[in-house]
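K.L.:
To start, I am sharing the structure in question, which I have written as structure tokens.
Coordinate-derived values only; no laboratory data. Note that this is a predicted model, so its numbers are computed, not measured. Methodologically, a virtual Cβ is constructed for each residue, glycine included, from the backbone with ideal geometry; neighbour enumeration extends over all protein chains shown.
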Amino acid sequence: MIRTNLPGTATSAEETVAIKLTYVRDAGARVDASATGGDVPQGQMVAVSTCVPPDLDQSHAVTSTSTCNSDGTGCTGGSITCPLPLQTTQLPNPDVTASDPPVGMPEMPAPPGSMPDGSGN
């Protein structure tokens, strides 16, 4: 998560940008990003997705940009086709306080009731 003024926006107002990266061996990488605030109208987000092949050669990357409702629905704009394990868009939640684990991540284990003291107790 970063606050920055994105190039090409109307003013110097800073947008909040969240990025989610997915890497799958032998398939490549996918990056999904969302920008809100700043020059992005209230209730909307700008979404950008990029897929890169397994060799990570940027010259073969494909990118799409779309405008969505702030909850990620109603997107209009480009779309891309990525390798099968990377086809699902995972727009990051622009709320810095939100829990936003990757799809398929196992649940976090419960914390222990007490810490061992090193003597077997």
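K.L.:
Through the Karplus equation 6.51 cos²θ - 1.76 cosθ + 1.60, θ set to phi - 60°, convert the phi angles of segment 67-84 into ³J(HN,Hα) values in whole Hz; use x for Gly and Pro.
P.N.:
10, 10, 5, 4, 8, x, 8, x, 5, 10, x, x, 9, 10, 10, 10, x, 2
K.L.:
For the chain, rounded, prolate or oblate, judged on the Cα gyration tensor with a ≥ b ≥ c (square roots of eigenvalues), a/c < 1.5 rounded, else prolate if a/b > b/c?
P.N.:
Verdict is oblate for the chain.
K.L.:
I would also like to ask the following. Would you please give the residues with an amide H less than 5 Å from that of Ser70, counting only those at least 5 places away or on a separate chain, with H modeled from the backbone geometry?
P.N.:
Result for Ser70 returns Gln44, Met45.
K.L.:
For segment 3-103, run through the trypsin sites (Lys or Arg not before Pro) and keep only the ones in DSSP coil with at most 16 other Cβ atoms within 10 Å of their Cβ.
P.N.:
Arg25
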